[in-house]
Amino acid sequence: MNYKIGLNDFLDDLNEGIISINKEGLIQVYNTKAKDILGASRHCHLTHEAGKLEKGDMVILAFTSFGQDTGGIDHKDLKVLGIDIMALEKGTTLLAVGQYKTGKSGKIKLKGPDHSMDSIAMEDVFLGENFKTKIDYINRYVEISIYDENYRYYYNNYFNHMVIVNPKKRRVKFYQMGGYTLWKEDLKDLLKGGAFKEKHLGLNEMDLVNAHLSKFHQEDEIITDFLACARGEQDGYNGKSGTINGINIISTLKPILRENQVVGAILLMHDIRRLQMAENQRNIAYRKLKEATNALEDVKKYQVSFQNIIGSSQKIMDIKKLAYKASQFKSTVLILGESGTGKSVLAKAIHQASSRKAMPFIEVNLNSIPSTLIESELFGYEKGAFTGASARGKKGYFELAHGGTIFLDEIGDLKKEMQVKLLHVIQNRTFYKVGGDKEVKVDVRIIVATNRKLEKDVKQGLFREDLYYRINVFPIKQPPLRERIDDIYELVNYILPKVCYNIGTDDKAVSAEAYEKMKLYHWPGNIRELENVLERAITLCDGKTILSEHIQVKITNKNMFSEEVLLRPLKETMKDVELDVINKVLIHTDGNKRKTMDILAIKKTKLYDSIKEIEKREIPK
């Protein structure tokens, strides 16, 4: 038998959602992927007939974020269910049950927009029926249970779940699924007498072709742009993030031209639920890490595990706590911090504190590898893969790290084409060698580090957004030395003997004046610079004690009690003292201006003027 393959078969096989409309806004194409993304097709494993709400029906509700529903439900609409509440703050979680148009009071449970709890649940009896409603913020699902059936939906941003029960016949008349605004089954429509569709087993699909776009999609930004583009009133665009009926997508919009005239438009959309699932996994990782924290007997565990992370300031103690938590699981860790702060030392310490400590720790500085070799270095190559390749082939760093940890330093400088391949490895733990056709699977824990501001790079298109979400599962920010200056004593005591040994000299002591000089310096090169300064000080010192003059650093902020400072008008001295205090509080609050203003009880204009003056005087922030 011969089958004729048409354009629709091709469109339905694509991984991108495609909708096209003509100049009048009538839908011409709405492919399978678009229906799947936006909820026009749904797979049902529980059935019910078509119908509508009737007097006496029991309605069980769960709003993950009240007021964010595209259906526009309002607290006043709930009065017909016997739920009489005041206006709610947008984003409030609402669990409720009520009876339709009987005047009987319903039951509710509320939680504010700050979802700091792991979950919220309501288990009760209403009209003689036992039911349970639960929202799990960690695993991101809403579930309503009744009559030994669980009606669960995994959501991304928000979801308004609903089950309608006929209490006389003791059966479920309706349950909510994704795409409810498309199917005209949002709560507002149903409360106003709107009908819901039948759900039969398997695929339930809408036919939207030849209908007007606005009949099914609220005119938010993307839909408004779509209609305007089809009319020739605006140009298209590439890669724009937004929502359609509350579903997050990345879209590309292009006009359709015939003889240089706009006759319609086409919208391509990419489903970013995978990114949101990655974010959900990140939340789960945080949940597990929180449980690990509760299991810690005392602070000794992370102190013992991270003896090579030198310092006892609050910032470093917090880093040790985070690092210990990270070591207990295999979630990807992103270490942030300026050059020279010891990111590689921290990465190795996390590996050594983990269950993988007996397995390889492979450190890779991505900046040190030429761009033409980076793929073969990371993933290896087969024999004869390219000119000059070893006849035996070569294992890459990922394969060498199998069973252990790979540390990728300076990931922010990785080229875009390699970012795609790295994303694949992180997602699947598989890769192909250069010149190979066999997929290689690895069990490896990934730690990455950068001194760049990745969020800014993502906005500028320099770093892939999906890769950023994948590596940002558990971020740890290494503080610069100037923000933990009280650790200088412990750092010097740890570093100095090693430097003395390396250059072949006897151990030396450090004078109090030398320590004070080091505390006044802002250390732009961080611990790496401290090591270099100490090495130079040792070579300059003829005796057993390193003095202030041996510490070769330039102090840019003046000693407030030196003769040079004090022999001048009091007003100038007090101004310097004031700036120094403001600067230190800014450091204490990690640059949080609101906290700084609250602590010092000063106004915004005062703080901002002071910051400008601090920058002029080169006082390190």
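The values are calculated or read from the model by the stated rules, or taken from the named source; none is laboratory data. The structure displayed is predicted, hence computed values, not measured ones. FYI the Cβ positions are ideal-geometry reconstructions off the backbone, even for glycines, and counts take in every protein chain you see.
I'd like to check something: does the stretch 248-261 contain any residue that is in the same structural domain as residue 14 (by TED's automatic domain parsing) and within 19 Å of residue 215 (Cα to Cα)?
no
Mind telling me which of the residues 98, 56 ends up being assigned to a loop (DSSP other than H, G, I, E, B) and either touching a Phe, Trp or Tyr at 6+ places or on another chain (Cβ under 9 Å) or not charged (D, E, K, R) (or both)?
56
Taking residue 589, is it at pLDDT 70 or above and under 32 Å from the mean Cα position of the chain (by Cα)?
For residue 589, the condition - at pLDDT 70 or above and under 32 Å from the mean Cα position of the chain (by Cα) - is met.
In this structure, is residue 413 more than 19 Å from residue 444 (Cα to Cα), of a type in the set (Asp, Glu) and in contact with a helix residue (DSSP H, G or I) (Cβ under 8 Å, 6 or more places away or on another chain)?
It is true that residue 413 is more than 19 Å from residue 444 (Cα to Cα), of a type in the set (Asp, Glu) and in contact with a helix residue (DSSP H, G or I) (Cβ under 8 Å, 6 or more places away or on another chain).
One line per residue, one yes/no per condition, for (1) at pLDDT 80 or above; (2) within 29 Å of the chain's Cα centre (by Cα); (3) surrounded by 16 or more Cβ atoms within 10 Å (Cβ to Cβ):
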{"residue": "55", "(1), (2), (3)": "yes, no, no"}
{"residue": "62", "(1), (2), (3)": "yes, yes, yes"}
{"residue": "67", "(1), (2), (3)": "no, yes, yes"}
{"residue": "94", "(1), (2), (3)": "yes, yes, yes"}
{"residue": "105", "(1), (2), (3)": "yes, no, no"}
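So which of 391, 358 ends up being of a type in the set (A, V, I, L, M), surrounded by fewer than 19 Cβ atoms within 10 Å (Cβ to Cβ) and at pLDDT below 85?
Every option except 391 fails the conditions.
Quick one: which of 344, 354 is part of a helix (DSSP H, G or I), in contact (Cβ under 8 Å) with a residue 60 or more places away in the chain and among the small types (Gly, Ala, Ser)?
Matching residue, one of 344, 354: 344.
Out of all the residues in the stretch 169-210, which are within 37 Å of the chain's Cα centre (by Cα) and at positive phi?
Across the stretch 169-210, the qualifying residues are 179, 184, 202.
Per-residue answers, yes or no, for (1) in contact with a helix residue (DSSP H, G or I) (Cβ under 8 Å, 6 or more places away or on another chain); (2) free of Cβ contacts under 8 Å to residues at least 24 places away in the same chain; (3) assigned by TED's automatic domain parsing to the domain that holds residue 401:
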residue	(1), (2), (3)
430	yes, yes, yes
436	no, no, yes
446	yes, no, yes
457	yes, no, yes
465	yes, no, yes
468	yes, yes, yes
489	yes, no, no
503	yes, no, no
523	yes, no, no
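Tell me, yes or no, whether the stretch 181-194 has at least one residue that is touching a strand residue (DSSP E or B) at 6+ places or on another chain (Cβ under 6 Å), part of a loop (DSSP other than H, G, I, E, B), surrounded by 19 or more Cβ atoms within 10 Å (Cβ to Cβ) and at pLDDT below 90.
Within the stretch 181-194, one or more residues are touching a strand residue (DSSP E or B) at 6+ places or on another chain (Cβ under 6 Å), part of a loop (DSSP other than H, G, I, E, B), surrounded by 19 or more Cβ atoms within 10 Å (Cβ to Cβ) and at pLDDT below 90.
So residue 575 ticks every box in (1) at pLDDT below 90; (2) surrounded by 15 or more Cβ atoms within 10 Å (Cβ to Cβ) but one. Which box is left unticked?
(2)
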